[in-house]
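Taking it in order: structure first as structure tokens, then the write-up.
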Amino acid sequence: MDSVHAVNGSAPACPDFISYTVKNAAGKVISIVLAFVFSNLSHQLLKPLSQPRIASDIAVGLVLGNIGLIRHAFDEQFIDILNSIAEFGMICYMFVLGMEMDPYVIFKAPSRSAMVAYAGMVPTIILACSMTLLLHYYQHPTIGFTFSLSTTLSGSSSHILTRLITSLKIGKSDIGKLVIAAGMHSDMISVLLVSVGYLGFPTAVTVNDFAANIRMTLTMAAALLLQVIFTATVSPIFMNWVNNENPEGKPMKGSHLVLSVAYMAFVCSGAPIYGYSPILSAFVAGVFLPSEGRVSKWAVGKINYLLPTIFYPVFFFWMGFHADFSKFEASHWETWGRFLVLVFITIFGKVIGTVICGVMLGFHQRESAELGLLLAAKGHFHVFLAVIGILLNITSTTTSISIIIVIFLSVLPTPLVVSQIIKRARKRAPTQRVALEWLDPSNELRILLCIQGVHNVLSTINLMEISQGASDPGILVYLTDMVELTDQIASTLVQEGMDTVTVMDKDVTEMRDQISTAVQAYVEENGNGITLRRMLALSTFNGMAKDICNLAEDLMISLVILPFHKNRHANGTLDGGNPGFRYVNRKVLRNAPCSVGILVDRGYGLVEKISKSVSSFQVAVIFFGGKDDREALAYAGRVARHPGVKLTVIRFLLDSDSVTASRRAGNCRINAAEQEEEMKLDDESFAQFYERHIAGGHVSYSEKHVANSAETYTTLRSLEGQYGLIIVGRGGRVDSILTIGMNDWQQCPELGPIGDVLSGSDSSHTTSVLIIQQHSLKGELDGVDDEFSIM
């Protein structure tokens, strides 16, 4: 405003005017740059405290927006530009928020999460409606504004909660899933109520003509209804057409991208033409657009990438500018009274509702209260509404600042609440083991089957064939290409979202197409009970293991199977191998969140089609004892169900009559208690396997009595050529006399002593080996499984 007065009043000399204008422009640029710098810097500083980004953004925005030098650098024109940026960014935000929600859950029987959401909302709305009218939060109190504030206070920020719960690693726990689902439901219902309420109390109507208000309401309602019907009916057809024209793995056509963006803009703009809020219109359109499909994921990914990168720093700077502390009436006790009442409504309403609901659903009271504290968290849309109250002269600056601070305080304690949940989970939550040995046979087996190239296809198909077990429940196979990210491939990548890229490299796309064609043809013809999904681990060798482990965790995999780093020559021998893939295999074995297998292919891929009627394919499982051997036995139990597999179980036992054995036993340092516990588990596991498979006669059984590791080695070598595939455990045994000393001459320690012997360079050229390592509980939450149950 000062600059406007200077130009219109006594005009300064031309050089002074130019200097003033340049300084003014520089002040604006510096202000925006500072917003970006301090927003990202404060977020990084608060990361160790696990604070959501919105907490640091609000603090930075309030501080920068109230610096005098910055405020004086802005004129009305620039303020209008900031207002437009904030509104456009909020349109994008609400559009994505709507796309991540399912409106049809409203019409289903209420789930536990829906009941928790409603229980938290209803007391908050009742408290807000009964108290805000009495305390004069508005310049001109009306029913519409009271309803709007009450509904806003009753909602939750699903974006904030989802990111918080996921980043703190409790998204798979019962309380984590409940918070995310209830937050999503609460957010959707509250915004839908505001969207419907806007029809009856539009902010654009400034006249007191009742008939004009009715006409405006009916016009907007009709326009919004038509927009909803059009979006819900036409969008699936249009989106499916674009998705079918642009299959996964190939770059999207530019014309289709332009057409998709134009369509999304069109379905968002119908109701605003007739006076409806463009922000709420974008939310409603997003709700009824299909959330699945490549186009939808592309739009959500792009917008979610741009929001924190570009929009949020400007948005919170805009918030801080309008939240003028010089107008905050801190000296009046009424100000603090209203502020404390807002805190009481926001927190107490949610907590009392979730506690009452928790009693009905049988939750622990403490967890129910923590659920309410988490659901009280507010987000960006609530901040926007607080500032809009100032711009439309609905609320005073003091009231809006109070609401913004309440939003800040609602987010601040959430990491502490989650840390307390994790702390108690360590003490009382049961530990769940992610291993085949403990997998319920009635549950679907999830396998992440990794593949280095086309040469692994046949062995991959045969492995899928013998692993499928019964068609119900069957197996879910995530076939994952392991592709090293080279400079050449990196130059062909096309970014399609925050976490999505498309590989344009010709060699990679051709390889993936060949693999997909061959495996998909097998699944369609013979894969009864096999569900196939395609994945890609595209990374440098240093990062590939982490990508595979993250995939296994996100997809809730039970078994990862990796190809051996050495490949088979035509004469059956193995080449020198790829040290990069060997490094990946070793890191996966150390860090995988589930069991891991390594397949050494020495002719397994050359096996003809395995019959489903005649037992023609010879498979053996070797059992010494220990957790890895028990895991191998559990996997063999699935293989035994295949009618074309003739399975033999070979159990190695200590020859107790041998004098040498007894003398070696006396020299070995073996923890007697640990050995006794392991032997007990071995016997129990083997007894169950015997009863299920061997007693019926379908599986053969033999015992090998040996006295020491030398005899073990000789016996293992005698098995060469008898079987097409041998399944063994990697290790995990209490120091055994039968294998002691075998580690000393291992060529590949990642295979374990038995696997190394069977796959060595001087071993059979026709017997393939599958080495399995059982998952050891080592969660990211230090001592508690990610899927803990505490409610």
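The values are calculated or read from the model by the stated rules, or taken from the named source; none is laboratory data. Predicted model, so just to flag it, every value in this text is computed and none were measured. Cβ atoms come from the backbone with ideal geometry, glycine included; neighbour counts cover every protein chain shown. Surface accessibility is based on the protein's heavy atoms, side chains included, excluding ligands, DNA and RNA. Shrake-Rupley method; radii C 1.70, N 1.55, O 1.52, S 1.80 Å.
Descriptive notes on the structure:
- Criterion: within 24 Å of Ala282 (Cα to Cα) and either surrounded by 21 or more Cβ atoms within 10 Å (Cβ to Cβ) or at pLDDT below 90 (or both) - qualifying residue of Ser195, Ser130: Ser195
- Against the numbered list (1) under 29 Å from the mean Cα position of the chain (by Cα); (2) at pLDDT below 90; (3) open to solvent by 10 Å² or more (accessible area, probe 1.4 Å), Ile394 comes up short only at (1).
- Wholly within the stretch 460-570, strands (runs of 3 or more DSSP E) carrying at least 1 residues that are open to solvent by 30 Å² or more (accessible area, probe 1.4 Å), closer than 23 Å to Ala592 by Cβ and touching a Gly at 6+ places or on another chain (Cβ under 9 Å): 475-484, 530-539
- The stretch 276-296, subset in contact with a Ser or Thr (Cβ under 8 Å, 6 or more places away or on another chain) and of a type in the set (A, V, I, L, M, F, W, C), residue farthest from Gln227 (Cα to Cα): Val295
- Consider the stretch 262-282 and keep the residues that are at pLDDT 90 or above and open to solvent by 30 Å² or more (accessible area, probe 1.4 Å). The one that is farthest from Leu199 (Cα to Cα) is Ala262.
- Any hit, the stretch 670-683, residues being among the hydrophobic types (A, V, I, L, M, F, W, C) and under 23 Å from Val769 (Cβ atoms): no
- Scan of the stretch 377-390 for residues that are in contact with a His (Cβ under 7 Å, 6 or more places away or on another chain) and either closer than 15 Å to Ser277 by Cα or open to solvent by less than 30 Å² (accessible area, probe 1.4 Å) (or both), ordered by number: Gly379, Val387
- Figure legend. Inter-residue proximity from the stretch 293-311: first residues outside any helix (DSSP H, G or I), second residues modelled with pLDDT under 85, beta-carbon distance below 7 Å, spacing 6+ or different chains. Indicated pairs: Gly293/Asn243.
- The stretch 34-74 - residue that is touching a residue at least 12 places away in the same chain (Cβ under 8 Å) and among the β-branched types (Val, Ile, Thr) and, of those, most open to solvent (accessible area, probe 1.4 Å): Val63
- Within the stretch 260-292, being in contact (Cβ under 8 Å) with a residue 40 or more places away in the chain, aliphatic (A, V, I, L, M) and over 19 Å from Met101 (Cβ atoms) holds for one residue alone: Ile273.
- The stretch 102-117, residues that are over 12 Å from Ala181 (Cα atoms) and in contact (Cβ under 8 Å) with a residue 40 or more places away in the chain: Pro103, Ile106
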